[in-house]
Number of protein chains: 4
Amino acid sequence: MSKSDKREEIVRAALELIAENGFHAAPMAMIADRAGVGAGTIYRYFENKDVLIGELYKDLEEKMLPVIQEGYDINAPLRERFLHLGTRILRYFIENPLHFRFIEQFHNSPYGVEHRRDKILGEKNGCNIFRELFEDGLSQQLLKAFPLTILFALSFGPIVNLARDHILGFVVMDETLIVAAIEACWDSISK
Amino acid sequence: MSKSDKREEIVRAALELIAENGFHAAPMAMIADRAGVGAGTIYRYFENKDVLIGELYKDLEEKMLPVIQEGYDINAPLRERFLHLGTRILRYFIENPLHFRFIEQFHNSPYGVEHRRDKILGEKNGCNIFRELFEDGLSQQLLKAFPLTILFALSFGPIVNLARDHILGFVVMDETLIVAAIEACWDSISK
Amino acid sequence: MSKSDKREEIVRAALELIAENGFHAAPMAMIADRAGVGAGTIYRYFENKDVLIGELYKDLEEKMLPVIQEGYDINAPLRERFLHLGTRILRYFIENPLHFRFIEQFHNSPYGVEHRRDKILGEKNGCNIFRELFEDGLSQQLLKAFPLTILFALSFGPIVNLARDHILGFVVMDETLIVAAIEACWDSISK
Amino acid sequence: MSKSDKREEIVRAALELIAENGFHAAPMAMIADRAGVGAGTIYRYFENKDVLIGELYKDLEEKMLPVIQEGYDINAPLRERFLHLGTRILRYFIENPLHFRFIEQFHNSPYGVEHRRDKILGEKNGCNIFRELFEDGLSQQLLKAFPLTILFALSFGPIVNLARDHILGFVVMDETLIVAAIEACWDSISK
DNA sequence: GATGAATGAGCGTTCATTCAT
DNA sequence: CATGAATGAACGCTCATTCAT
């Protein structure tokens, strides 16, 4: 197994265990076991458990962003851009329930305290797409005159809830429902 | 300190510690300490930690429900009813940040697994108010023809996010913003 | 409830709990509960748990001795005297399984360390009957020339085992078997 | 210290502490201490305390059986076979007082409940030697017509008592006394 | 570099004993 | 006197982290 394969295995094992049963069910020894490496080996790749979790989170961000942005046309009409991003995110969560479950757990854990803010969509990285989208919308007066934070809340609050409900089996989000739900979100932020 | 004072102190201490820093920062000994009681004393009031957490959650539910329902007029127009409940819930969270933080933590913890669904607004108690509200709206064709789960998601997703953002200081939800935000939620569910 | 009734209740409760499930299953609070008194009350009658256990043991000794000696004729032939005592003890244990179970537990517990020697049959009290019996037998050269300790072991070892096996249901000691078994013990010590 | 040395040290430490002062005087931390290992280390070798105790018991059984059987001639006369086994067991206990004390404690403890019956001499393993011995004796009509349980009690009751008395210093069982005592046991079971 | 046995601080919980009522 | 709520030391056990191999 190559060096980066090992890192990959560790991260994958951690993701699975945490997503499936929460942080409390993912001791380092169990992660090592499932990754097929020695317990001490993890510490060659990650300084400690906090760092492992943090990097796992960053990995997921990095996998998610290109998928969401794929085919995104910054010059399309605002509504279309919103629907593109919103449905892509929701679809991504639904298709990657382990990622979603981990991200949720992460935000409500000691590991995620300093990430509390939704970095995915916030100021970090190059991923200001949403910010730009909202700012465009505000300046064009197509959106209600809310602070960005509120526009985020109105958009992502439902998305996260819908993803959770789908994953837990409370509702089946087929393509039609996905689009309709994101359109509803649009109604909440657009004038 | 009277018997019921002691129970109160324990519950309060647990609430504070968990709300402030999460479950991992609330070992029984620390809860006891902050409550000003001996470690063993907790076990006179609560069979074990799980039970303590569970009862704390129930306590909060019980405190919250009457506040939300106060002044609720089931015969008012649908929009008004929605705004009443939505703004009340959001205000409650904002005014009781410890309650909010605990409830959030609880839902994303091993303690809250069986409560995953938002019981507050779900089928339990007499608090089917929201369900009734949505069912009324659907039958009167005032709401978009979504499953209840999605209507819940569109309503509560933003509320929870807004409460969190306010508590974390990312936005200041004054009365005007509260009402405007809930009105925006109404836009997402109404035809 | 009179003062001595209370003591009686406490001792009875302790006996039952310990005999039924061992010392580990008899915390003071449970003893108090079953005795129908407050936990603190026990300490008015017994300085501490050790003393309670010790006095319970003494109580049982005192109840047992007269039953064993009843009808004992010191002038009867040696064999008859042995059979009298041996069968009486065995019968007593069989008819009072709680007493037996407690005594057994007691001897193999921290509480009974200083009582290790079989006081019932040893030098204490007026109960030197057995000692006298053996000494008579030795001087009359009816018994094998063993130290007293060995004569005790040959006599009581089987009795205790038989009682235990009966109580645990491994064998049913009816009157015929009781007598035959004690006669067998006699064979082991008599010339 | 090698891996199996460590297991050995833990088992030895547990044996010593329990034999010397009983289960109550052998908390895991103390066992670890005396074994010269960390507290957590014990759990690499034994799932929990119950398992440690249980395996210690099995270890002792396994050490004891071959010693007892050594030189045993199944074709020798019955009396000789009985004396062989009886004296060997008694000698073993006398020479291994820690083993004896532990086994005694074990049988009268919550750990040993399911072993209540003397498995050493009962049906388990290949060690039906005693059972076979008694069954042979019964079929040849050399033994009194007792149930096996009673023959066991008549044989082992005294042995256990003699071992205890020797270890506690109440009597010194030299070779002559050992043989004479076991011969006395034989008298109790033989016709 | 990789390992996994070893560690020990820290957890949730119990219970003999005390003492205010 | 009797009570039982309160106590806190001590228990069995877990797990992030280290380090000899």
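Bear in mind these aren't lab numbers, they're just calculated from the coordinates by the rules spelled out. Every value quoted in this text rests on a predicted model; they were computed, and no experiment measured them. All Cβ positions, even for glycine, are placed from backbone atoms using ideal geometry, and neighbour counts span all protein chains on display.
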By Cβ neighbour count within 10 Å, fewest first, C:52, B:83 rank B:83, C:52
Under 5 Å from the placed amide H of residue D:190, counting only residues 5+ away or on other chains, we find D:144
Using alpha carbon positions and the Kirkwood radius, the Rg to Rh ratio of the range D:141-191 is 1.05
Highest GNM mean-square fluctuation among A:158, A:97, A:77, for chain A with Cα springs under 10 Å, belongs to A:77
Kirkwood-based Rg/Rh on the Cα set of the range C:40-109 evaluates to 1.13
If labels are modelled 7 Å from Cα along the Cβ direction, residue B:62 lies from its partners in the other copies at nm distances, smallest first, of 5.0, 5.1, 5.6
Expressed in angstrom and ordered largest first, the alpha-carbon extents of the range D:1-84 along the principal axes are 53, 28, 19
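Take peptide B:23-34, look around each residue's Cβ out to 10 angstrom, count Cβ atoms belonging to other protein chains, and average those counts.
1
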For residue A:38, inter-copy label-point distances (7 Å, Cα→Cβ), nm, shortest first, read 1.6, 4.7, 6.2
Restricted to pairs 8 or more residues apart or on different chains, the lysines in chain B with C-alpha atoms under 27 Å apart form a number of pairs equal to 18
A correct Karplus calculation of ³J(HN,Hα) over the range A:185-190, with 6.51 cos²θ - 1.76 cosθ + 1.60, θ = phi - 60°, whole Hz and x for Gly and Pro, returns 4, 4, 4, 6, 9, 7
Largest-first semi-axes in Å of the equivalent ellipsoid built from the Cα gyration tensor of the range D:1-46 are 17, 10, 8
Rounded to a whole number, the mean other protein chain Cβ count within 10 angstrom for residues of B:179-185 is 5
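Averaged across the residues of B:136-149, what count of C-beta atoms belonging to other chains lies within 10 Å of each residue's C-beta?
2
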Sorted on mean Cβ neighbours within 10 Å (highest first), peptides B:100-112, A:38-50 come out as B:100-112, A:38-50
Per residue convex hull volume, Cα only, the protein assembly as shown, in Å³ is 238 Å³
The correct pairing of chain C residue and whole-Å distance, for the Cβ nearest the axis that maps C onto B, is C:40, 4
Here Rg/Rh (Cα, Kirkwood) for the range C:58-189 equals 0.94
HN-Hα couplings for the range C:48-65 via Karplus (6.51, -1.76, 1.60; θ = phi - 60°), in whole Hz with x for Gly/Pro, come out as 7, 5, 3, 5, 4, 4, x, 6, 4, 4, 4, 3, 5, 3, 5, 6, 7, 4
Label points for residue C:128 built 7 Å along Cα→Cβ; distances to same position in the other copies, nm, shortest first, come to 5.1, 8.6, 10.5
The relative contact order of chain C, taking Cα pairs under 8 Å that sit 6 or more residues apart, comes to a percentage of 21 percent
